[in-house]
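These notes concern the structure reproduced below.
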Amino acid sequence: MKKILLLSCALLLSSTAHSQLRVVASTTNMAMLANTVGGTQVSVTHLAPPDRDAHHLAVRPSMMTALRQADLLVSVGAELEAGWLMPALQGAGNPKLNPGQLGYFEAAAQVTLIDPQPQADRSQGDVHPTGNPHIYLDPPRLARAGLALAEAMAALAPEHGDYFRHNAASFAEQVDTQLPHWQSLTQNAAGVLLYHADANYLARLLSVPVLGYMEPLPGIPPSGRHLSQLVSNLKGKAGVLIMPTYQPARAATLIEQELGWPVIVLPSNVAAGGTSDDYLALIKRWAQAFAAAQKPAGNPQ
Amino acid sequence: MNARIFPLAAMTAGILLVGAAQANNEATNTNPAIDSTGVDRARISAGTQMNPTISVILDGVYANFSREVEGPAGFGSHDHGDDHDHEHEHGLEEGFSLRETEISVSASIDNYLDGVMTLAIEGNSGIKVEEAYILTRSLPAGLQIKAGRFLSDIGYINRQHPHDWQFADRPLVSELLFGEHGLQDNGMQLSWLPSTSFYSRYGIEILQGETTMASQDVHETLEEDHGPRLYTAFAKFAPDLGMNHAAMFGFSGGISTSFKKEEEHDDEVELWEGDGWFAGIDAVYKYNSGKPFGHGNWIVQGEYYFREISAEFTEIENQIIEEQFSGRSKQDGFYLQALYGFAPRWSTGLRVDGVGLTNTSLEPGNDAFESFDASYRYAAQVSFAPTEFSRLRLQVNNYDYAHDDGDHGHDAWGVMLQYNVSLGAHGAHQF
Ligand SMILES: [Zn+2]
């Protein structure tokens, strides 16, 4: 009898597990968004570890296994993951996730992108022609994408539509509540030197000038010539260098020595399994990092 | 806009407008940049709208050999001491040579099909259709059908285009057992990816049989058997090794229902008629260090194939049968290679090639097919890839080929300097 009870319990559990939407997120930020919006009605896996450059990832068979079993794919989009997600998707043979189907969701397609470069060619580096795809470092845009994601999930599981919409709306509310706080942190921020153009949305949102990029061109590692040019351009100015976790620190030390700027290494994704609180905390860390270099007093711009 | 997509797009657009209006009310107005107008709410993808995807691969080599390299014994054309042209390596001449210029176009035809076409302009010998196939995109249960001309999914390297290789040249076993383009044929493929936590993929192919084992090299005496003549099957397994490691193991095999070959020399005609089969195993392991630009990454891969052709050999001179016997040609080969990213954007690799470890060829001897020694090739390369779109490679080969006359004194060295660039779309690299 006990056995039967246990068995039926297990069956019940497994059947509830199956009624959940199976979501595959390209990055851990997207997994955070899917978990935030989907709550208890989704089970989410991610493909790119948080400490990797999502532009460049190698396809793994386990990606195809995950995509094969998924009901919904949540990606950043705007070609950010094109090099590995499209072949993985093709290899997975899951028609539910084909672009145009209900199971395909690109966050970047839900919002306006900044800096589109339709005229760009590859001599300008690995540019993103439709605009900057790194919207995950822009809480209001991500919240907007969350609202759209709620509708995408609602289309797949209409019985939980209101639940998804409620979750997405409360995430957007959280972002709105935090925004003035972040903005107050960066009120007098002098400016930031980025490695790649991935925090431009956040810098705009918090009115922090972007003073330059360590990459001479998108996707190209820093060259000595580019660095010395940066140093001569920025000499005497105040600023902070923010480096991604996956790039070597060597080039950063030159900026540190030559300009005397603080160098802060920050992840751009929440840890695996990260929640919306972790995400908001990450954005706060970025805001604090922006604030690490203040405008000289009595010299408001 | 595609009629299939329109209702969905309209729905999404409506939803988004509502969402946007809502967000507007809720104090996101602090940043004017967000609410700039002109965004196409009906978009499904924010990616490139370019459809079809077009890319062009340019590939050139400067090669230098210490001496003339003749093909490994037992795999070449039947030598009667005539003045045969001995190529160095496939498509490689001493000095500068332009290799395959590949033009690849792919697109979604509709919701049901993708289309892929790759043309290869080979040096100066004309245009060849490398691949031209349609692939289903909406079959249920993890099933996919491919039809047209394509690279077979047997083994690991066979389906890769030359610009995906880690070395400048194709492994000997692939070239000598399947053809100078590998197993590339017209036909159909059915594959299945079951929905399990463990990756596995199974497939069968029905092919016309243009390549070695099912080829019909007939002239005046023999008649061609109609196709399809080659049936293959493959299975691939990949355990989930986490984010940093990946491995795949494959098994493949095939049956040829007809092999025919005819050679004429003055008054003499030689005929082969039979059938054949092959079987092989392949394995690949990849380590991703997480460092940028491939630094610290490893790729180790290897394949082994065995091929048997049972054939009746007949030699006819002035309409009289001079010699006739039945025999089995049994040949095999392997390669094993390792690649290591020793610095950002730099990688180095070593490869060992071996063919004819079992080497009963199709060369007629005394009432039986002749056997030869094994041949080996050793390669080392260093590559620099400034971006994912360009690569420079320096490769050194050492050829230790057995010769037809049993003589082994034919060691040779080769040096190749290769460039390989792609124009257009992002390369989509399968595992
Ligand atoms: Zn980028």
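The values are calculated or read from the model by the stated rules, or taken from the named source; none is laboratory data. Since the structure is predicted, the reported quantities are computational estimates derived from the model, not experimental observations. All Cβ positions, even for glycine, are placed from backbone atoms using ideal geometry, and neighbour counts span all protein chains on display. Surface areas here come from the heavy atoms of the whole protein model, side chains and all, with no ligands, DNA or RNA. Shrake-Rupley method; radii C 1.70, N 1.55, O 1.52, S 1.80 Å.
One residue alone among A:GLU159, A:GLU151, A:GLU173 is in a helix (DSSP H, G or I) and away from chain B (no Cβ under 14 Å), and that residue is A:GLU159.
Against the condition of a type in the set (Ser, Thr, Tyr) and in a loop (DSSP other than H, G, I, E, B), how does B:THR196 come out, does it pass? Criteria met by B:THR196.
Determine, yes or no, whether A:ALA189 is more than 14 Å from the ligand (Cβ to nearest atom), open to solvent by 10 Å² or more (accessible area, probe 1.4 Å) and either facing another protein chain (nearest Cβ under 10 Å) or out of contact with any Gly (no Cβ under 6 Å at 6 or more places or on another chain) (or both). Let's see the steps before the verdict.
Details: more than 14 Å from the ligand (Cβ to nearest atom): yes; open to solvent by 10 Å² or more (accessible area, probe 1.4 Å): no; either facing another protein chain (nearest Cβ under 10 Å) or out of contact with any Gly (no Cβ under 6 Å at 6 or more places or on another chain) (or both): yes.
No; evaluated as a whole, the condition is false for this residue.
Condition check ((1) at pLDDT 95 or above; (2) within 14 Å of another protein chain (Cβ to nearest Cβ)) across all residues:
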position	(1), (2)
B:ILE299	yes, yes
B:GLU312	no, no
B:GLN337	yes, no
B:THR360	no, no
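Consider region A:67-85 and keep the residues that are more than 16 Å from the ligand (Cβ to nearest atom) and within 9 Å of another protein chain (Cβ to nearest Cβ). The one that is nearest to B:HIS429 (Cα to Cα) is A:ARG68. In region A:253-268, the residues that are under 22 Å from A:MET32 (Cβ atoms) form Cβ pairs under 7 Å with partners that are part of a strand (DSSP E or B) and at pLDDT 90 or above, at six or more places apart or across chains, as follows: A:ILE264/A:VAL240; A:ILE264/A:ILE242; A:VAL265/A:MET243; A:LEU266/A:ILE242. When A:GLY273 is tested against (1) within 17 Å of A:PRO209 (Cα to Cα); (2) loosely packed, with under 14 Cβ neighbours inside 10 Å, exactly one condition is not met: (1).
When residues in region B:206-233 are screened for being farther than 21 Å from B:TRP272 by Cα and in contact with a Phe, Trp or Tyr (Cβ under 7 Å, 6 or more places away or on another chain), 1 of them pass.
Scanning region B:224-254 for residues that are over 16 Å from B:MET188 (Cβ atoms), away from chain A (no Cβ under 14 Å) and within 19 Å of the chain's Cα centre (by Cα) yields B:PHE251, B:SER252, B:GLY253. Out of A:LEU217, A:LEU227, which single residue is free of Cβ contacts under 8 Å to residues at least 60 places away in the same chain and either touching a strand residue (DSSP E or B) at 6+ places or on another chain (Cβ under 6 Å) or closer than 18 Å to B:PHE293 by Cβ (or both)? On inspection, the qualifying residue turns out to be A:LEU227.
Please specify each residue of region B:353-389 satisfying the condition of being over 30 Å from B:GLY327 (Cα atoms) and outside any loop (DSSP other than H, G, I, E, B).
Here is the first cut: in region B:353-389, the residues over 30 Å from B:GLY327 (Cα atoms) are B:378-389.
The answer is B:TYR378, B:ALA379, B:ALA380, B:GLN381, B:VAL382, B:SER383, B:PHE384, B:ALA385, B:PRO386, B:THR387.
Of all residues in region A:210-220, exactly one satisfies the criterion of being open to solvent by less than 40 Å² (accessible area, probe 1.4 Å) and more than 14 Å from the ligand (Cβ to nearest atom), namely A:GLY212. Scanning region B:234-277 for residues that are outside any strand (DSSP E or B) and crowded, with 18+ Cβ neighbours inside 10 Å turns up just one, B:MET243. Inspect region A:108-130 for any residue being in contact with a Gly (Cβ under 7 Å, 6 or more places away or on another chain) and farther than 23 Å from A:TYR195 by Cα and give the result as yes or no. Looking for residues that are in contact with a Gly (Cβ under 7 Å, 6 or more places away or on another chain) and farther than 23 Å from A:TYR195 by Cα, one finds at least one in region A:108-130, hence yes.
Only residues that are within 16 Å of the ligand (Cβ to nearest atom), more than 8 Å from chain B (Cβ to nearest Cβ) and buried (at least 21 other Cβ atoms within 10 Å of the Cβ) were counted across region A:99-126, and they come to 1.
Among the residues of region A:23-48, which ones are closer than 22 Å to B:SER289 by Cα and open to solvent by 10 Å² or more (accessible area, probe 1.4 Å)?
Taking region A:23-48 and keeping what is closer than 22 Å to B:SER289 by Cα, we get A:25-29, A:45-48.
A:THR45, A:HIS46, listed by residue number.
Taken over region A:204-217, the residue count meeting the criterion of being out of contact with any Phe, Trp or Tyr (no Cβ under 6 Å at 6 or more places or on another chain) and under 21 Å from A:GLN229 (Cβ atoms) is 8. Within region A:223-249, which residues are open to solvent by 40 Å² or more (accessible area, probe 1.4 Å) and within 16 Å of the ligand (Cβ to nearest atom)? Once the filter is applied, which keeps residues that are open to solvent by 40 Å² or more (accessible area, probe 1.4 Å) and within 16 Å of the ligand (Cβ to nearest atom), region A:223-249 yields only A:THR245.
So, in region A:250-270, of the ones that are of a type in the set (A, V, I, L, M, F, W, C) and open to solvent by 50 Å² or more (accessible area, probe 1.4 Å), which residue ends up farthest from the chain's Cα centre (by Cα)? This residue is A:LEU254.
Among A:LEU156, A:LEU137, A:LEU205, A:LEU149, which is of a type in the set (A, V, I, L, M, F, W, C), outside the structural domain of A:ASP277 (by the TED database), within 19 Å of A:VAL270 (Cβ to Cβ) and away from the ligand (no atom under 16 Å from the Cβ)?
Only one candidate qualifies: A:LEU149.
Among (1) buried (at least 17 other Cβ atoms within 10 Å of the Cβ); (2) outside any helix (DSSP H, G or I); (3) more than 11 Å from chain A (Cβ to nearest Cβ), there is one condition B:ALA132 misses while meeting the rest; what is its number? Of (1) buried (at least 17 other Cβ atoms within 10 Å of the Cβ); (2) outside any helix (DSSP H, G or I); (3) more than 11 Å from chain A (Cβ to nearest Cβ), only one is false for B:ALA132: (1). Selection over region A:164-175 of residues that are under 18 Å from the mean Cα position of the chain (by Cα) and either of a type in the set (Val, Ile, Thr) or surrounded by fewer than 22 Cβ atoms within 10 Å (Cβ to Cβ) (or both) gives a count of 2.
Could you tell me which of the residues B:GLY187, B:GLY155 is assigned to a strand (DSSP E or B) and on the phi > 0 side of the Ramachandran plot? Can you show your working first?
On the way: B:GLY155 fails: assigned to a strand (DSSP E or B).
The unique qualifying residue is B:GLY187.
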